[in-house]
Every structure is written in C-alpha cells, then in structure tokens.
1. Return the pair list, or none, for Cβ contacts closer than 7 Å from residues in segment 165-182 that are more than 22 Å from Ala121 (Cβ to Cβ) to residues that are of a type in the set (A, V, I, L, M), at least 6 apart or on different chains.
2. Starting from segment 105-123, take each residue that is not assigned by TED's automatic domain parsing to the domain that holds Trp7 and of a type in the set (Gly, Ala, Ser) and list its partners that are assigned to a loop (DSSP other than H, G, I, E, B) and crowded, with 17+ Cβ neighbours inside 10 Å, counting only C-beta distances under 7 angstrom and pairs at least six apart or across chains.
3. Could you figure out which of (1) free of Cβ contacts under 8 Å to residues at least 12 places away in the same chain; (2) surrounded by 13 or more Cβ atoms within 10 Å (Cβ to Cβ); (3) more than 25 Å from Ala112 (Cα to Cα) isn't true of Leu71?
4. Quick test of your reading of the structure: Pro47 fulfils all but one of (1) part of a helix (DSSP H, G or I); (2) over 22 Å from Ser155 (Cβ atoms). Name the failing condition by number.
5. Name the pairs whose Cβ atoms lie under 9 Å apart, with the first residue in segment 142-162 and at positive phi, the second outside any loop (DSSP other than H, G, I, E, B), and 6 or more positions between them or separate chains?
6. I'd like the full set of residues that are farther than 22 Å from Pro163 by Cα, in a loop (DSSP other than H, G, I, E, B) and among the basic types (Lys, Arg), limited to segment 50-83.
7. Among the residues of segment 12-47 satisfying the criterion of being of a type in the set (D, E, K, R) and under 30 Å from Gln76 (Cβ atoms), which is surrounded by the fewest Cβ atoms within 10 Å (Cβ to Cβ)?
Amino acid sequence: MRLHWFWSTNPQKVRLALEELGLDYELLFVDLAKHEQKSPDYRSIHPRSKVPALEVDGSVLWESNAALVYLGERQQQLWPKEPKLRAKGHNLMFLEAAAYQGAASTFFFQRAVKARAGKPANEEKLDASRPALDALHSVLESQLGDADYLLGDFSMIECAYGPWLPVVDLEGFPRLADWRQRIMNRPSWGRCEFSYGIEAPAKPSRG
C-alpha cells in the first residue's frame, strides 16, 4: 500500500485513517511547491495531478473520502455496517466534500499555508468566511449531540473532518471543541506530523 502525500488536509485524512487502522504503508512525499504533482509519472497515477493518491489492492484511489470509505469497508473497521448508521456516515462524508472543505479552506490557507511561509493571516478574509463555516458547525454539533464522535464511536468521519480542525474557530460550539480535542488526543494523530506551523488549540475550559 502506497500513499502519495503532502502535508495538506486531504492527504492527511487518508494518513490518519491508515495510522488508526494500524496498516503498513509506504509514504511517498509529493512536493507541491516544486510542482511534482504535474510530472508525467505522477499524472499516470492521479489523472487530476492532485494529492492524495492511494495505491491499494491493484487500484488507485485519488479522492480522499473514497479512500476512507474503501479502507473502512476493506478492513471492516471505522465504518458502520448497520444501514441507517452507514447512511448517516454518507451524509456526513458528502457534507465534508461538498460544503465543509470549501468553507474551511480559507482558514487553512490563511492559518496554515501562510503560517508556514511566515506570513500573517488576513483577518478580513477569515471574518468573511466565518458565517458559512459557523452554519456548518451548527449542523455538526447537532449531529454530534452528546456522543463522543459523530457516529458514536471514532470512525472515518473523524478522519475526514479532523485535519481541518486545528485551523478553524469553534467558539460557541463547546461540544465540537471537545470533539476536536478527543480526535487530537488519539495516538494516531501524533503519528501524522500535523505540522501546520501553528499551535494546536487549547482544550476549552469548563466553568
């Protein structure tokens, strides 16, 4: 199993899942800063010249959430077997791809990409993006309820959302803030080199 990887969010989803599952894999760094993803060799692996690409079982999975679902079904772990719970998982997975990525990407660029380049975040752009992201956080907090994780137990859903969480604001969403901390406290998280150039958010205090 080979994961073509960069330190950004979508490749980190798949790496987090592989670490959580305890699978052996080869990590192959694709340097986007040097445009290695546009080389003919890499284009033969990923038709859109993006990361990640997961080579597994003689196939290449080049959509991160598709890789997560495949790994969960392949290993019979971290993905629900019961139809209604699996449908909820699909709802949340599609929400991440269709809406959350777009809303959180401004925060990732301003707080992670620019931080690694030694540049300050543009607070005006963050403020403009915050309402859309807060609306999605309201949905996620309602889906979480009083559970520890979105499907009850840790699952591929946490792998999908987790890499975004260090850069987003969760003020006003205390259950999501605790959820974030539970994800970041897992041993698998520590093995994934989440070196965004920022400090991890502190655990929210309880008054």
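The values are calculated or read from the model by the stated rules, or taken from the named source; none is laboratory data. In this text the structure is predicted, and so the values were computed from the model without any measurement. Positions of Cβ are backbone-derived with ideal geometry, glycine not excepted, and every protein chain shown enters the neighbour counts.
1. Within 7 Å, the pairs are Arg175/Leu144; Trp179/Leu144.
2. Ala112/Tyr196; Ala115/Tyr196
3. Against the list (1) free of Cβ contacts under 8 Å to residues at least 12 places away in the same chain; (2) surrounded by 13 or more Cβ atoms within 10 Å (Cβ to Cβ); (3) more than 25 Å from Ala112 (Cα to Cα), Leu71 comes up short only on (1).
4. (1)
5. From segment 142-162, the pairs are Gly145/Arg175; Gly152/Leu85.
6. Listed by number, the list holds a single entry, Lys81.
7. Among those residues, the one meeting the criterion is Asp24.
Table: residues versus (1) surrounded by 13 or more Cβ atoms within 10 Å (Cβ to Cβ); (2) assigned to a loop (DSSP other than H, G, I, E, B); (3) at pLDDT 95 or above.
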site	(1), (2), (3)
Leu136	yes, no, yes
Asp146	no, yes, yes
Arg175	yes, no, yes
Ile198	yes, yes, no
